[in-house]
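Novice: Got a structure for you, written out below as structure tokens; questions coming shortly.
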Amino acid sequence: MEYVNPLTGFRLDGRRPNEMRQIRGEIGVVAKADGSALFEMGNTKVIAAVYGPREVRNKGQQINNQALVRCEYGMANFSTGDRRRKPKGDRRSTEISLVIRQTMEACILTHLMPHSQIDIFVQVLQADGGTRSACINAATLALADAGIPMRDIVTSCSAGYLCSTPLLDLNYVEDSAGGPDVTVGILAKMDKVTLLQMDAKLPMDIFENVMQLAIEGCKAVAHYIREVLLEHTKQLECHRGA
Amino acid sequence: MEQRLANIGRMTVNEKKFIETALLSDLRIDGRRPFDYRKLTIKFGRHSRAVDMESLCVVAGKSVWAIRVDLHILDNGGNLIDAANIAALAALLTFRRPECTLGGENGQEVIVHDPEVREPLPLIVHHLPVAVTFAIFGEGNIMVIDPTYKEEAVMGGRMTATLNSNGDVCAVQKAGGEGIMSSVIMQCLRIASVKAADITSKIKNAVDAYNTERALRKVKRHPPSVALEVCVPDVIMEENQVDELSRHEVQNLKDEPERGCGNDGSRIGVETSTTRGKNNVFIGGPSSWDPYSKGISSCFISSQDLPGPLKLAKEQEEAKISQNSIESHLGATNTGSSGPVGASVVSQQANSPKSLKDAVKPKHRKKNKASSASDMS
């Protein structure tokens, strides 16, 4: 199957190889949560809600000198083509929960909030490839909305390699093609990589190209997220009546 | 049990600071350099049926075998991923599945042949993906390979790269934790490819040795008395040596700290006599003591299942070590027999190139017979 048209260079959905899908972020979608955000990457729609910092529910897990960060990743039954029977608790969900938790924990200034707990709940409403990246971006927005102190904003993007071309931001069809899938998460201003996951085989120099492409994608997402946050802050300022 | 789990991440502040400060000067707590692996020993069980086999139903005349790899962790000394990966690869390489052919009335029935009847077949392995784990310390500046248990408790983050010897990156896994620059990642991948090639060769050597041993075992079966033969000259030497020594030198040996399984107390006392000289000189650097160097004592892995020749190799090794130490000690006694204890210990460092025959002088033998006779009575 030709994922990249040899004549025009377009992909199946009409994008160029180094072009991302359209992204959209919205803050404050869940009223009850301390912070929440909706993030869309193309057809992938993800909602994140953050509760915290609040008192630790399970005293046994309490950490004395920093905050406890918990994360739960779930996919709605209707998110994929075939109805999912088990939204949470299966192995993939557990793994992605762990990945998101560790990525956000690296950027939250947990030592400022000892004896407390921060819960991040991420729910996938529509899955079309790149759910992991969309979840991390949504979690960043939600944490910023909750006012939790962070080192830097964490953004994530995926890239792949099909038909001898590095492709940015794979959708579901390209993802299920069986080629390598590199997911990268960076701390935007510090230019440091926190998340790096790859399956399938790639020669090392091609891997470097694909990783660099994914990092560029992450920086573009970071640019957009910064704009969204600035816009939101200006609106808050307006509501306060400056 | 819960308390033990709860203590996994809780190291004292002093320990944490110690490890981090040491890493700033490229020192690790077990004496390795930042990019050194620990010693790798691969031991195979008698039957390589560590892999369970289930045959699935026939699909259009083909049979599909499902391979399951069960990994049991016996002792966690840190860096489980790499160890489990090497164990799984070694198991898969030495695995043999029974041969099956089509037969029966209509040629559709699948007949699985007994391993005794037809030689079982190995799995076809295209390449060996080897995992190499890096631990990240100090805001992404310091990376070390193959972290120990204590380093894992202190590290800021970890990254595992899986490569094969062809230079392909099979997988990379870095789930959160301390951030690192992308240039550092590429550098780590380059180091990992060198390490992966090294480990691949070690696995292949171990697998080849095991396969030849297994083939030999199939051809002819030796009784385990072969192992005893090697020990016999050793025993003679030991007796002579003990009779030769003066009183306080014998006591000196017995005071040596014991090491290892403790099979033969006197033999181990002789073994450590050569190393004791080195330990006397204290340089204040990191100790080269690795608590996991011995690993699980082989008596724990049901020793009756260990194949004969492997045990043979181990005995030979022990015999060689004790022979060397006997030589050097005898050299020392010949030079200064009635000297102070300290001097004789230091002079052990100079290994005399004399053979065993030279060490046993005829006139001492008469003395031995006389004293041994008196000892026995």
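Novice: Antiparallel versus total DSSP beta bridges in the range A:1-157: what percent is that, nearest 5?
Specialist: Beta bridges within the range A:1-157, antiparallel portion: roughly 75 percent.
Novice: If you build a Gaussian network model of chain A, linking Cα atoms that sit under 10 Å apart, which residue out of A:Leu38, A:Leu170, A:Leu12 swings the most?
Specialist: Highest fluctuation among the options: A:Leu12.
Novice: Do the alpha carbons of any pairs in A:Lys86/A:Lys219; A:Lys32/A:Lys88; A:Lys192/B:Lys17; B:Lys150/B:Lys174 sit beyond 29 Å of each other, and which pairs?
Specialist: A:Lys86/A:Lys219
Novice: Now for a different question. What whole-number distance in Å separates the alpha-carbon centres of the range A:50-87 and the range A:97-138?
Specialist: Going from one Cα centre to the other spans 9 Å.
Novice: Another one. Using Cα springs under 10 Å in a Gaussian network model of chain A, which residue among A:Gly35, A:Gly217, A:Gly147 shows the largest mean-square fluctuation?
Specialist: Greatest mean-square fluctuation among the candidates belongs to A:Gly147.
Novice: In addition: Let's see if you can work this out: charge +1 on each Lys and Arg Cβ, -1 on each Asp and Glu Cβ, no other charges. What is the dipole magnitude of the range A:78-126 about its Cα centre, in debye to the nearest 20?
Specialist: Once rounded to the nearest 20, the dipole reads 340 debye.
Novice: Just need the relative contact order of the range A:138-188 here, percent rounded to a whole number, with Cα pairs under 8 Å and 6+ apart.
Specialist: Here the relative contact order equals 40 percent.
Novice: For the range A:186-191, in order, what is each residue's ³J(HN,Hα) by Karplus, 6.51 cos²θ - 1.76 cosθ + 1.60 with θ = phi - 60°, in whole Hz (x at glycine and Pro)?
Specialist: Computed from phi, the couplings for the range A:186-191 are 10, 8, 4, 6, 6, 6 Hz.
Novice: Mind jotting down a quarter of the surface of the convex hull over the alpha carbons of the range A:23-241, in square nanometres, one decimal?
Specialist: Approximately 13.0 nm², given one-decimal rounding.
Novice: To continue, here is another question. May I ask which residue of A:Cys71, A:Met150, A:Ser133 lies farthest towards the positive end of the charge dipole of the range A:23-241, with charges of +1 (Lys, Arg) and -1 (Asp, Glu) on Cβ and the Cα centre as origin?
Specialist: Projecting each Cα onto the dipole axis, the largest value belongs to A:Cys71.
Novice: Something else: Total Å² of accessible surface buried at the A-B contact, 1.4 Å probe, nearest 100?
Specialist: 2000
Novice: Round to the nearest 10 and give me the degree value, 0 to 90, for the angle of helix A:131-146's Cα axis relative to the longest principal axis of chain A.
Specialist: Value to nearest ten degrees: 30.
Novice: A follow-up question, please. Just the number please: accessible area per residue for the range A:169-211, 1.4 Å probe, all protein chains included, in Å².
Specialist: 36
Novice: Another question, then. What's the carbon and sulfur percent of chain A's accessible surface, probe 1.4 angstrom, rounded to a whole number?
Specialist: 50
Novice: Placing +1 at every Lys and Arg Cβ and -1 at every Asp and Glu Cβ, with all other atoms neutral, what dipole size does the range A:118-242 have around its Cα centre, in debye to the nearest 20?
Specialist: With only Lys, Arg, Asp and Glu charged at Cβ, the dipole is about 400 debye.
Novice: Out of A:Gly60, A:Gly185, A:Gly42, any idea which swings most in a Gaussian network model of chain A, alpha carbons joined below 10 Å?
Specialist: A:Gly60
Novice: Sticking with this one: Report the relative contact order of the range A:87-242, percent, no decimals, based on alpha-carbon pairs under 8 angstrom and at least 6 residues apart.
Specialist: 21
Novice: Assign unit charges at the C-beta atoms only (+1 for Lys and Arg, -1 for Asp and Glu), then state the dipole size of the range A:23-241 relative to its Cα centre in Debye, rounded to the nearest 20.
Specialist: Approximately 820 debye in magnitude.
The values are calculated or read from the model by the stated rules, or taken from the named source; none is laboratory data. Remember, it's a predicted structure, so these values are computed and weren't measured experimentally. All Cβ positions, even for glycine, are placed from backbone atoms using ideal geometry, and neighbour counts span all protein chains on display. Side chains are part of the model used for accessible areas, which takes the heavy atoms of the whole protein and leaves out ligands, DNA and RNA. Shrake-Rupley method; radii C 1.70, N 1.55, O 1.52, S 1.80 Å.
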